[in-house]
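The values are calculated or read from the model by the stated rules, or taken from the named source; none is laboratory data. As the structure is a prediction and not an experimental result, all values here were calculated from the model. Cβ: placed from backbone, ideal geometry, glycine included. Neighbour counts: every protein chain shown.
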Amino acid sequence: MRMTKITKKLWQFLTVISLSALLICDYSWLTPSVAQGIFVSEQQENLNISPEKSQLGNELAVIAQTPTEPKPEPTDKKSKPDIETPQNEETKGFPVVLDGKTLFTVEEDGRTTTAEQRAKLATEEIERIARDYTISLDSFELQDFEEVIIITAQGDIVFGVTNDDAKAANQPLEGLASQYFQTIKDAILEYRQERTARSLGTDIILSLILLVVLVVLIVLLYKAASITRSRFQAWRRRVRPIRIQRLELSSVETEIKLINGLISFIRLIVLLALIYTYFSTIFRIFPQTRRFGEQFRKPVYDAFKWAGKGFVDFLPNLFIIILTIVITYYLIRFCSLFFKAIDREIITLPGFDQDWAKPTNKIVVILIIAGALAVIVPYLPVYNSPAFQGISLLVGALITFGGASTVANLVGGTVIIYTRAYRLGDLIKTEEHFGYVHEKTILSTRIRTLTGEIVTIPNANLISTSIINYNAIKRELNIPLMIRTSITLGYDVPWRKVYQTLIDAAHATENILEEPAPYVLQTSLEDFYISYELRAYIDLLERRLLTLSKLHENIQDKCNEVGIEILSPHYSAIRDGNQNTIPENYLPSDYVPPGFNINPLGQVFNNVQHPAQDKGSSKSSD
């Protein structure tokens, strides 16, 4: 069904092309006798031939005998004849053209009539005669006027050959005139023969044959693409996904789609090439469209020619680029293997930390790639193009105006790496955040807080603040982590009793090490209380908070067991006749809250001090 639709479309395309071929044939399908009147009237209207052209021979004869001063060259040489006749760079002449073919060139002679005007007038006159079938080739004659020989046709001037032309061609005047005479006649004869009905029929048949060939090639192209797709589907089991170890870079489905897309792209390119070749050939078959066919073919031909020449010229640079890429590739591989060996402690370098291996590898790879780009870029074809220079300026401006913070973060990341401030998974504390290092990059660090939040901190901010790393002391010095807590008690509680109670609480807490043993310090002696600090060691850092919480629970239990009240010393110092704050399950069964103490009046008058004042800030516990 699909092939039927394609065949139907191709036959419709064939019909359109056939009609187009008939239409582009101009008037050549008419017989020469009928075409003569049409061409004569057409040329008189389009070319606007006037009797002034009959005076061309007289003018040439005059200028050949009376030379004048050379005309100064105009500053603007962009003027072109109506018919495109580009100046020949080698001979510095202007071509006389018929049907797109150059017959000969006319060089500057410094006389009144310029070479450009002579070539233009001769081109128009030869084209007019070629299209006018009433003018016989037998009517062409050579008329000698001493220094000028005129080529005429039925009395009309075609071209005049002067001594200056002969000198420029390095030939005798008669020989050059005869050569031009024969060239013009042969060109007109060829022009007319190509436009006969017989020649036209041959061209149409040839174009139809080419059309059939085009249709057959297009059908074969689609069949070949379909067969290729079917073969790849049959080979599907042989196709393997692209993997790097366990990482799948490309699945089988993706590879099949890629292959099908590549087949479709190649088919499109070949189809466009076939259609372009067909039209280019058809336009060049018919003489009426031959000039357009040359112009149609020339851009693509010039493009391929320019591309080929550019590729050949680029080969030395391409060799340098490929050599640089190969060297860069193997340098990167060597660095990767070397730093991987350091990371696995296969290779050790004095003073080089294992944690530096991966970041140093990245930095070295970046430097190698930057050096390779510095070598490659000047050899690229677009290096001197305005677009490349504009992009370079844009990138430079972005780095200059917007890259200050990025550079600061890069420097900060490098400093953090090589100062070994922390590693991935370490428990750290900054001025604002406390948590585990979740991710560490050259630009920023991500911290997972104890409440489950992910905080991203630029490295520029981290190098300007202090960082506490709780894992470093265990990793670098093999010393367990210390935890500490403080408690304040009044002066009425014996300090030795406090020491023993706090140490017992530490021994009763899980995860606290027996060695090094926990100990207590008196950190301050305040007006109403003493500050005690308990210090203990743990081995499991990840259970630090839970261990500290258990330690606080055990401190309360141990203090209650020995009758130590943990409350504000200010409250304890002024308390009189109040309930003890120790929980009831720790108090004796016969405990009775004390009453209020009232001093006798005699002691007031005798200024006798209350016994409680001798105790200072002692507690009433009975």
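Where strands (runs of 3 or more DSSP E) sit wholly within the range 345-456, none has at least 1 residues that are at pLDDT below 80 and either farther than 30 Å from residue 322 by Cα or touching a helix residue (DSSP H, G or I) at 6+ places or on another chain (Cβ under 6 Å) (or both). Please work out if residue 487 is in a strand (DSSP E or B), of a type in the set (A, V, I, L, M, F, W, C) and buried (at least 16 other Cβ atoms within 10 Å of the Cβ). Considered against the rule, which asks whether it is in a strand (DSSP E or B), of a type in the set (A, V, I, L, M, F, W, C) and buried (at least 16 other Cβ atoms within 10 Å of the Cβ), residue 487 comes out as yes. Applying the condition of being in a loop (DSSP other than H, G, I, E, B) and farther than 12 Å from residue 474 by Cβ to the range 528-547 and asking which residue is modelled with the highest pLDDT yields 529. Scanning the range 336-355 for residues that are free of Cβ contacts under 8 Å to residues at least 12 places away in the same chain and of a type in the set (Gly, Ala, Ser), we see that the one that is surrounded by the most Cβ atoms within 10 Å (Cβ to Cβ) is 341. Go through (1) in the same structural domain as residue 562 (by TED's automatic domain parsing); (2) closer than 20 Å to residue 552 by Cβ; (3) in contact (Cβ under 8 Å) with a residue 12 or more places away in the chain for residue 492 and report which single condition fails. In the conditions (1) in the same structural domain as residue 562 (by TED's automatic domain parsing); (2) closer than 20 Å to residue 552 by Cβ; (3) in contact (Cβ under 8 Å) with a residue 12 or more places away in the chain, residue 492 misses (2) alone.
Among the residues of the range 434-472, those identified as among the polar types (S, T, N, Q) and loosely packed, with under 12 Cβ neighbours inside 10 Å are 451, 464, 465, 466.
For every residue, the table says whether it meets (1) more than 26 Å from residue 562 (Cα to Cα); (2) under 39 Å from the mean Cα position of the chain (by Cα); (3) hydrophobic (A, V, I, L, M, F, W, C).
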{"site": "447", "(1), (2), (3)": "yes, yes, yes"}
{"site": "466", "(1), (2), (3)": "yes, no, no"}
{"site": "470", "(1), (2), (3)": "yes, no, no"}
{"site": "484", "(1), (2), (3)": "no, no, no"}
{"site": "530", "(1), (2), (3)": "no, no, yes"}
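Being assigned by TED's automatic domain parsing to the domain that holds residue 537, aromatic (Phe, Trp, Tyr) and not in a helix (DSSP H, G or I) is a description that does not apply to residue 499.
Of all residues in the range 250-305, those satisfying the criterion of being touching a Leu at 6+ places or on another chain (Cβ under 7 Å) and in contact (Cβ under 8 Å) with a residue 60 or more places away in the chain are 274, 278, 281, 282, 285. For the range 167-179, the candidate set comprises residues that are in contact with a strand residue (DSSP E or B) (Cβ under 9 Å, 6 or more places away or on another chain) and not acidic (Asp, Glu); within that set, the residue that is surrounded by the most Cβ atoms within 10 Å (Cβ to Cβ) is 177. Yes or no: residue 165 assigned by TED's automatic domain parsing to the domain that holds residue 106 and either in a helix (DSSP H, G or I) or in contact with a Phe, Trp or Tyr (Cβ under 7 Å, 6 or more places away or on another chain) (or both)? Judged against the criteria, residue 165 is a match.
The requirement of being among the charged types (D, E, K, R), at pLDDT 85 or above and either over 24 Å from the mean Cα position of the chain (by Cα) or over 30 Å from residue 219 (Cβ atoms) (or both) is not satisfied by residue 284.
Being under 27 Å from residue 351 (Cβ atoms) and of a type outside the set (Ser, Thr, Tyr) is a property that holds for residue 413. Would you confirm whether or not the range 511-519 contains a residue that is part of a loop (DSSP other than H, G, I, E, B), assigned by TED's automatic domain parsing to the domain that holds residue 497 and either modelled with pLDDT under 85 or under 15 Å from residue 493 (Cα atoms) (or both)? Checked the range 511-519: no residue is part of a loop (DSSP other than H, G, I, E, B), assigned by TED's automatic domain parsing to the domain that holds residue 497 and either modelled with pLDDT under 85 or under 15 Å from residue 493 (Cα atoms) (or both). In the range 194-234, the qualifying residues are those that are among the β-branched types (Val, Ile, Thr) and within 14 Å of residue 270 (Cα to Cα), and the one that is nearest to the chain's Cα centre (by Cα) is 218.
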